[in-house]
Amino acid sequence: MKAARSSVVSKKGTPWGTIIAVVAIVALAASVVTYYMVASAPKREQKTREETAAAFAPSQQDPDPSKRINGVTTTTYEGSVHVTAAERVAYDKTPPYGGPHDQAWAACNGVVYDRAVRNENMVHGLEHGAVWIAYNPAQISGDALELLRVRVEGKPYTTMSPYPNLDKPISVQSWGHQLKLDSASDERIDQFIAALRTNPYGAYPERDATCDAQIEPGEFNATPPGPDAKPMDYKGTAGTQQDQPGQPGAPSAPATQPSAPASK
């Protein structure tokens with residue numbers, strides 16, 4: 001009887017197929033979890049940064065919290081002064097963060113442009129309450145670029161683009177405000193966004209204007225503006241659509257500017 005039982009056990013053998021299948025399933029599950037943790041880490045880290053920066057949210061008692069951010073410069077600009085798509089503005093700042101601008105705005109609804117785009121289109125988005133992150137492509141790449149991207153992609157009233165020959169690695173703009181930085185990990189980027197993006201206490205001229213223009217912005221022009229460029233005190237080109245600063249509602253895209261999906 002013992003010999004018979006031993007013979008039966010030996011014939012059954014080790015269930016290698018089942019063991020291999022279980023090991024494969026466990027390994028697959030572990031790889032999925034690992035991938036999720038790695039892939040979602042930038043977004044989870046960004047959520048933490050935004051929660052910390054919420055201390056810079058504007059209020060009636062503190063209408064412009066950017067005054068508490070070291071390094072922010074401010075300039076007062078008149079809004080609603082437009083030029084045509086064929087005209088340039090001799091901006092007084094680089095990148096510009098206010099002044100005359102194109103009558104059509106570049107989409108600024110969480111768009112990350114992979115090319116440098118026209119100043120005059122980008123400034124109009126700032127007039128609508130957007131924050132624009134510009135970066136020097138010769139200095140920002142890899143993990144640093146991803147760290148900027150996660151702050152912008154899919155976020156309302158936020159946009160980002162390379163800016164060739166920028167004098168600092170990073171420059172963050174809203175209407176009338178600018179902050180230049182050396183590092184993409186600088187917490188002041190998140191503080192600036194919290195303080196000034198669609199700040200409702202007079203930080204930008206056009207309340208409730210949209211960033212969903214879906215306008216194809218023009219190409220960035222690296223050459224200095226010529227003598228025909230419009231000065232900062234320009235009063236607007238005849239025939240362009242002039243907005244009403246401080247009034248709710250978004251002006252529609254002008255018929256003279258071709259519409260197309262926002263270029264990224």
I'd like the full set of residues that are open to solvent by less than 60 Å² (accessible area, probe 1.4 Å) and assigned to a loop (DSSP other than H, G, I, E, B), limited to segment 207-223. Ala209, Thr210, Cys211, Ala213, Pro217, Gly218, Phe220
Go through (1) more than 22 Å from Ile189 (Cα to Cα); (2) at pLDDT 90 or above and name the single condition Tyr35 misses. (2)
Any idea which residue in segment 6-30 is nearest to Gln191 (Cα to Cα), counting only those that are among the hydroxyl-bearing types (Ser, Thr, Tyr) and at pLDDT below 70? Ser10
If you take the residues in segment 128-186 that are out of contact with any Cys (no Cβ under 9 Å at 6 or more places or on another chain) and on the phi > 0 side of the Ramachandran plot, which one is most open to solvent (accessible area, probe 1.4 Å)? Asn165
All but one of (1) of a type outside the set (D, E, K, R); (2) surrounded by 24 or more Cβ atoms within 10 Å (Cβ to Cβ); (3) assigned to a helix (DSSP H, G or I) hold for Val111; state the number of the condition that does not hold. (3)
Restricting the search to segment 224-264, which residues are open to solvent by 60 Å² or more (accessible area, probe 1.4 Å), among the β-branched types (Val, Ile, Thr) and modelled with pLDDT of 50 or more? none
Looking at segment 75-108 only, could you name the residues that are over 21 Å from the mean Cα position of the chain (by Cα), of a type in the set (A, V, I, L, M) and assigned to a loop (DSSP other than H, G, I, E, B)? Val81, Ala85, Ala86, Ala90
Could you go through segment 63-79 and let me know if any residue there is over 13 Å from Pro217 (Cα atoms), modelled with pLDDT under 95 and either surrounded by 19 or more Cβ atoms within 10 Å (Cβ to Cβ) or not acidic (Asp, Glu) (or both). yes
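The values are calculated or read from the model by the stated rules, or taken from the named source; none is laboratory data. Keep in mind that this is a model prediction, so the values were computed, not measured. Neighbour counts run over all protein chains shown; Cβ positions are idealised from the backbone, glycine included. With ligands, DNA and RNA removed, areas are computed over all heavy atoms of the protein, side chains included. Shrake-Rupley method; radii C 1.70, N 1.55, O 1.52, S 1.80 Å.
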